[in-house]
Amino acid sequence: MRLVLFGRTGQVATEVQRRLPEGVALEVLGREEADFARPTDVFNAARSLQADAVINAVAYTAVDKAETETDLAETVNGASVTALARACAETGTPLVHISTDYVFAGDGTRVWEPDDPTHPLGAYGRSKLIGEEGIRDSGARHAILRTSWVFSAHGANFVKTMLRLGAEREELRIVADQIGGPTPAAAIADACLTLARGLSEGRDGGTYHFSGRPDASWADFAREIFGQAELPTRVIDIPTTEYPTPARRPLNSRMDCTSIEAEFGVARPDWKAGLRDVLAELGAER
């Protein structure tokens, strides 16, 4: 199987390259080959490819900055993703794309199902929803993978931030009323590779949810990080109202991940086990 990966250095893109199965050839396109700030360039790059499937791991992910860089966020996450999907439709190449829990309003307490109505709270979520809709409208065979709270040993993420702050402070106040599934980037990469193979073999796609289990709050996540890292930092639970940010976050990011397991055999990953792997890698790098 021959795959093309858009994205070179992000958390998931890095893991796709590291976890490529035997017998799979991979071509990686970074910003130099396809700048997602330029939708036409993305379309032209994608239209010239020969692949069994495409994985898109490029995204504008600065949630708060998106409130003031809305045009850029909508170009990267919306217009360029739509251009990529149209090129894939033209060439008949299946597309796997990573989206987010932020397309939902995050109200209530029940799990979000893939076909639930969307209602983003901020510019980032709206930009990702534009990309989703562009893919569906393009006619390309696709799998949209909504995920949440991504972490790994590389890039900027909550785990690395907590390790840095935990080494500096005795106590941290962490939001406890936002609930979701922390998700190892390695598990997302494996899911994308499985979806890509399935689509290349003629399987139907659609929109899927994929997040780590069990669901937890950011405060729960932080406690587990400090516990596994053997840091004595105390975590004080606070509500979102005590930690204002430019962009509103969904309080409820619980997602129903049953369809991806039923259709592709991809089960929710144990994020605590994934955290152990990440901490071991970070320790080996020191």
Mind listing whichever residues of the range 57-75 are under 20 Å from Val150 (Cβ atoms), touching a helix residue (DSSP H, G or I) at 6+ places or on another chain (Cβ under 6 Å) and free of Cβ contacts under 8 Å to residues at least 60 places away in the same chain? Ala73
Pick from the range 252-286 the residues that are of a type in the set (S, T, N, Q) and in a helix (DSSP H, G or I): which of them is surrounded by the fewest Cβ atoms within 10 Å (Cβ to Cβ)? Thr258
Which residue is farthest from Leu199 (Cα to Cα), if the candidates are limited to the range 80-125 and must be assigned to a loop (DSSP other than H, G, I, E, B) and among the hydroxyl-bearing types (Ser, Thr, Tyr)? Thr109
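Report whether or not Ala219 is under 18 Å from Ala153 (Cα atoms), assigned to a helix (DSSP H, G or I) and either hydroxyl-bearing (Ser, Thr, Tyr) or at pLDDT 95 or above (or both). Before you say what the answer is, go through the steps one by one.
Details: under 18 Å from Ala153 (Cα atoms): no; assigned to a helix (DSSP H, G or I): yes; either hydroxyl-bearing (Ser, Thr, Tyr) or at pLDDT 95 or above (or both): yes.
It is false that Ala219 is under 18 Å from Ala153 (Cα atoms), assigned to a helix (DSSP H, G or I) and either hydroxyl-bearing (Ser, Thr, Tyr) or at pLDDT 95 or above (or both).
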Kindly list the number of the only condition in (1) polar (S, T, N, Q); (2) surrounded by 19 or more Cβ atoms within 10 Å (Cβ to Cβ); (3) closer than 24 Å to Ser259 by Cα that fails for Ser152. (3)
For Glu33: the one exception among (1) surrounded by fewer than 15 Cβ atoms within 10 Å (Cβ to Cβ); (2) farther than 23 Å from Gly205 by Cα; (3) touching a residue at least 40 places away in the same chain (Cβ under 8 Å): (3)
Can you tell which of Arg169, Arg197, Arg234, Arg203 is crowded, with 19+ Cβ neighbours inside 10 Å and out of contact with any helix residue (DSSP H, G or I) (no Cβ under 7 Å at 6 or more places or on another chain)? Arg197
Given the condition touching a helix residue (DSSP H, G or I) at 6+ places or on another chain (Cβ under 6 Å) and of a type in the set (A, V, I, L, M), answer yes or no: does some residue in the range 20-27 qualify? no
Against the condition of a type outside the set (S, T, N, Q) and out of contact with any helix residue (DSSP H, G or I) (no Cβ under 8 Å at 6 or more places or on another chain), how does Ala83 come out, does it pass? no
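Can Ser152 be described as of a type in the set (Ser, Thr, Tyr), in contact (Cβ under 8 Å) with a residue 60 or more places away in the chain and either out of contact with any His (no Cβ under 8 Å at 6 or more places or on another chain) or closer than 30 Å to Arg234 by Cβ (or both)? Break it down stepwise before answering.
Details: of a type in the set (Ser, Thr, Tyr): yes; in contact (Cβ under 8 Å) with a residue 60 or more places away in the chain: yes; either out of contact with any His (no Cβ under 8 Å at 6 or more places or on another chain) or closer than 30 Å to Arg234 by Cβ (or both): yes.
So Ser152 passes the test.
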I'm trying to understand the selection: among the residues of the range 199-216, which are under 18 Å from Ile144 (Cβ atoms), in a strand (DSSP E or B) and of a type outside the set (S, T, N, Q)? Gly206, Tyr208, His209
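Return the residues of the range 133-168 that are assigned to a helix (DSSP H, G or I) and under 22 Å from Pro182 (Cα atoms); say none if nothing qualifies.
First pass over the range 133-168, keeping only residues assigned to a helix (DSSP H, G or I): 133-138, 158-168.
Within the range 133-168, Phe158, Val159, Lys160, Thr161, Met162, Leu163, Arg164, Leu165, Gly166, Ala167 meet the criteria.
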Just give me the residues in the range 139-157 being modelled with pLDDT of 95 or more and either aromatic (Phe, Trp, Tyr) or within 14 Å of the chain's Cα centre (by Cα) (or both), in sequence order. Ala143, Ile144, Leu145, Arg146, Thr147, Ser148, Trp149, Val150, Phe151, Ser152, Asn157
Within the range 124-138, can one find any residue that is touching a Lys or Arg at 6+ places or on another chain (Cβ under 6 Å) and in contact (Cβ under 8 Å) with a residue 12 or more places away in the chain? yes
When the range 14-30 is examined, which residues are found to be without any contact (Cβ under 8 Å) to a residue 60 or more places away in the chain and of a type in the set (A, V, I, L, M)? Ala25, Leu26, Val28, Leu29
Could you say whether any residue in the range 187-198 is among the small types (Gly, Ala, Ser) and farther than 24 Å from Ala25 by Cα? no
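The values are calculated or read from the model by the stated rules, or taken from the named source; none is laboratory data. Owing to the predicted nature of the structure, the values given are computational and were not obtained by experimental measurement. Note: ideal-geometry Cβ built from the backbone for every residue, glycine included; neighbour counts use all protein chains shown.
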